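Following: one structure in structure tokens, then a few remarks.
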Amino acid sequence: MRAYISELSKHIGETVTLEGWLVKKRSSGKIGFLQIRDGSGDVQGVASRADLDEVSWQAIEELTQESTLRVSGVVQEDKRAPSGVEVHLGKIEILAISPEFPISPKEHGVSFLMEKRHLWLRSSRQRAALRVRSEVSQGIRDFFYERGFTLIDSPILTPAACEGTSTLFETDYFGEQAYLSQSGQLYLEPAAAALGKVYCFGPTFRAEKSKTRRHLMEFWMVEPEVAFLEFGGLCELAEEFVCALVARVLDRCSAELATLERDRSVLESITAPFPRITYSDAIDALKADGLDVSWGDDLGAEEETALASRFGKPVLLTHFPAAIKAFYMEPDPDNPDQVLGVDVLAPEGYGEIIGGSQRIHDHDLLLERIRAHDLPLEAFDWYLDVRKFGTFPHSGFGMGLERFVAWVTGLKHLRETIPYPRMLNKIYP
Ligand code: 4AD
Ligand code: MG
């Protein structure tokens, strides 16, 4: 019977056939051990000279790392094995011999591994990270589906800048200037007037000119947008969302977290409510800690790390100076030079994982802000229609998938949380 390694514990005592790759082997005289990977998991195949025909025994000799093979054998319980089973092989068939695999079990430098990203994916830590990513993606879809949100696929080719003009990737659109989308938000707001609770989840693009471990040029962002939701409700939605995703990873990715040596206790302590601090209080706290910051500064990685480390939980940083935030953020009625914006900062040095706000819903105020930001009015004419035809308070946020996955897995650099990272001056493979 053809089986997958992940399901072998259901087949104890049965004879199964597996197809996969050789991870490593060792043999001595009368016995050989093959570690086999089939995508669903890893298992050890035990080959005894006495049980095998000559061709099969010879195959052990010939197999190299990453050669493909088909084996048959009897599944036996083995409490010491990570998979809980091993397979006592009766037949080994070589499907293809791999020449020397560039990534051997020894240490390699990261730039080499990034060049071989297409092969590096096969390593156990990379597989674990991508499985967590996949689980988080599904968790995101389930979270919004279960709460009655409608998925709105926002376009990737756009005529307008959502998040400032300094990080745009430009392209020609039949003689017109177009950009790769920085955010789906501008397209979600009109959709919220049609469907109430909406979200988008897709790739977004920023030509970030600096090289950091927290920035990718192409990253996936999930963005909910909710009609009649105001700032307080937005903060609660962000909290509930982060908690639900952390719980989902703890529940379904135990093996992956173990492979990545992630400290689960840190994640287990993530429960709502999260601590909240206004930007103004944050500046005072940072000053008291001896950091060189003043009111009006945009907080960088160092400040975010210092701030979040005071709490050990994600923290909601709110009420920023209007001048350092996007044009569409609703002013705080009590302090009109500040906006009803919120960033969720993850602890352990991961910094901003979510950015969001209540949106300006007054037509004339929004028009004034578009002008003040020197944005081309023609490109925002349609966006202003949302405020013209039955305007309504609304709020939303964006979470970078890779930022969240990096934090939850404890991976230091975003490049390992996406299958094929796009980084400064690097688009290969
Ligand atoms: O704070 P940002 O720029 O917010 C927006 O784009 C809003 N339009 C979202 C909304 O309200 N609908 O980006 C949101 C999140 C950040 O918190 C971060 O997690 C992630 O997107 N992000 C990046 N992730 C990886 N690489 C980059 N270069 C990123 N830039 C932003
Ligand atoms: Mg932001």
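Quick notes on this one:
- Residue within segment 193-205 that is part of a loop (DSSP other than H, G, I, E, B), more than 16 Å from ligand 2 (Cβ to nearest atom) and under 28 Å from H363 (Cβ atoms) present: yes
- Taking first residues from segment 388-415 that are hydroxyl-bearing (S, T, Y) and partners that are more than 8 Å from ligand 1 (Cβ to nearest atom) and part of a helix (DSSP H, G or I), the Cβ contacts under 6 Å between residues at least 6 apart in sequence or on separate chains come to S395/L234; T409/A129; T409/V132.
Okay, residues lined up against (1) within 30 Å of A191 (Cα to Cα); (2) at pLDDT below 95; (3) not small (G, A, S):
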{"site": "E230", "(1), (2), (3)": "yes, no, yes"}
{"site": "G233", "(1), (2), (3)": "yes, no, no"}
{"site": "E239", "(1), (2), (3)": "yes, no, yes"}
{"site": "V246", "(1), (2), (3)": "yes, no, yes"}
{"site": "L250", "(1), (2), (3)": "no, no, yes"}
{"site": "C253", "(1), (2), (3)": "no, no, yes"}
{"site": "L257", "(1), (2), (3)": "no, no, yes"}
{"site": "L260", "(1), (2), (3)": "no, no, yes"}
{"site": "S269", "(1), (2), (3)": "no, no, no"}
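- All positions within segment 366-405 that are at pLDDT below 95, in a helix (DSSP H, G or I) and within 16 Å of ligand 1 (Cβ to nearest atom): A379, F380
- Looking at segment 1-80, the strands (runs of 3 or more DSSP E) lying wholly inside it that each contain 3 or more residues that are hydrophobic (A, V, I, L, M, F, W, C) and within 26 Å of L119 (Cβ to Cβ) sit at 15-28, 31-37.
Conditions (1) among the β-branched types (V, I, T); (2) over 18 Å from the mean Cα position of the chain (by Cα); (3) surrounded by 13 or more Cβ atoms within 10 Å (Cβ to Cβ), marked per residue:
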{"site": "L113", "(1), (2), (3)": "no, yes, yes"}
{"site": "K116", "(1), (2), (3)": "no, yes, yes"}
{"site": "L121", "(1), (2), (3)": "no, no, yes"}
{"site": "Q126", "(1), (2), (3)": "no, no, yes"}
{"site": "R131", "(1), (2), (3)": "no, no, yes"}
{"site": "V136", "(1), (2), (3)": "yes, no, yes"}
{"site": "I140", "(1), (2), (3)": "yes, no, yes"}
{"site": "F143", "(1), (2), (3)": "no, no, yes"}
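- Test result for L229, part of a loop (DSSP other than H, G, I, E, B), near ligand 1 (Cβ under 9 Å from one of its atoms), more than 18 Å from V132 (Cα to Cα) and in the same structural domain as P159 (by TED's automatic domain parsing): no
- The single condition from (1) surrounded by fewer than 22 Cβ atoms within 10 Å (Cβ to Cβ); (2) more than 16 Å from ligand 2 (Cβ to nearest atom); (3) at pLDDT 95 or above that Y187 fails is (1).
- Checked against (1) in a helix (DSSP H, G or I); (2) buried (at least 22 other Cβ atoms within 10 Å of the Cβ); (3) touching a Pro at 6+ places or on another chain (Cβ under 9 Å), E416 passes all but a single condition, namely (3).
- Of all residues in segment 1-51, those that are among the hydrophobic types (A, V, I, L, M, F, W, C) and more than 35 Å from the chain's Cα centre (by Cα) total 8.
- Selection of segment 244-269 for residues being more than 12 Å from V408 (Cβ to Cβ), free of Cβ contacts under 8 Å to residues at least 40 places away in the same chain and hydrophobic (A, V, I, L, M, F, W, C) yields only A258.
- Cβ pairs under 6 Å, 6+ apart, first in segment 342-370 and in the same structural domain as L299 (by TED's automatic domain parsing), second among the hydroxyl-bearing types (S, T, Y): V342/T318; G349/T305; Q358/S395; R359/Y328; I360/Y328; H361/T391
- Listed by position, the helices (runs of 4 or more DSSP H) enclosed by segment 91-185 that each have at least 1 residues that are under 24 Å from D251 (Cα atoms), away from ligand 1 (no atom under 16 Å from the Cβ) and not assigned by TED's automatic domain parsing to the domain that holds Q65 are 124-146.
- Filter result for D142 (in contact with a Gly (Cβ under 7 Å, 6 or more places away or on another chain) and closer than 29 Å to A238 by Cα): no
- Filtered residues of segment 263-277 (kept if closer than 23 Å to L237 by Cβ and outside any helix (DSSP H, G or I)): S269, I270, T271, A272, P273, F274, P275, R276, I277
- When A207, A193 are checked against the criterion of being assigned by TED's automatic domain parsing to the domain that holds A247, over 28 Å from H413 (Cα atoms) and within 16 Å of ligand 1 (Cβ to nearest atom), A193 stands alone in meeting it.
- Residue within segment 253-269 that is in contact with a Pro (Cβ under 6 Å, 6 or more places away or on another chain) and surrounded by 14 or more Cβ atoms within 10 Å (Cβ to Cβ) present: no
The values are calculated or read from the model by the stated rules, or taken from the named source; none is laboratory data. Just so it is clear, the model here is predicted, and its values are computed rather than measured. Heads up, the Cβs are rebuilt from the backbone with ideal geometry, glycines too, and the neighbour counts pull from every protein chain shown.
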